[in-house]
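Bear in mind that the values in this text are calculations on the coordinates, not laboratory data. On a predicted model such as this, the values are computed, not experimentally measured, just so you know. So basically every Cβ, Gly included, is an ideal-geometry build from the backbone, and we count neighbours across all protein chains shown.
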Amino acid sequence: MQHLEQARKPEAGDYAPFYAAYVEEIGTDDIVRFLEEQKAGVLAFFKHIPWEKWEVAYDEGKWTLAQLVLHLIDSERIFAYRALRIARGDQTPLPGFDQETYAEMSEANSRTPVSLADEFAAVREATVHLFRNFSPAMWERRGMAADSEITPLALAWIIAGHLQHHVHIIQERYLNA
């Protein structure tokens, strides 16, 4: 049985304040459909980025576009894993992660744009399947991640908003530079 409904958009108490901008970035109540549609749009966007742009950082000390895209993939995996654990009732506090170390150790710059886009598509497909099958109770469960209380409901919006935030950065800083 598939559960395609989530009751509401997350509220401030469902996530730590520093996630608010990501949640506010998404203006829908149908997050599963949004995640599906966002996947298609982002893949089309990636396809039109010239190959040489993937190996360049927009400023000294910033990630290359390849590192940024792999950051998006890694973050989505981690956020979805948190949602899974909390939805299943696991009350073990989940640690944060060091995004700078992940980017540095990712070897993203040795990857092709196609391999990064393919991995993004696979991860997003898994995320959609995970959320599509949450019951109403699963969406609302609470757990601790990175020292803050959070719900799977909030994590779904955070995944979408985090990606949206970084797509804006790619457009403004990587492609208009």
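Couple of notes before you dig in:
- Bridging of K9 to lysines at a Cα separation below 24 Å is possible for K39, once same-chain residues fewer than 8 apart are set aside.
- Going from the fewest other Cβ atoms within 10 Å to the most, the residues S148, S106 appear in the order S148, S106.
- Relative packing of peptides 90-97, 155-162, 127-134 - highest average C-beta neighbours within 10 Å first: 155-162, 127-134, 90-97
- Taken over the alpha carbons of the chain as equal point scatterers, the Debye sum produces base-10 log I(q)/I(0) values at 0.09 Å⁻¹ of -0.31.
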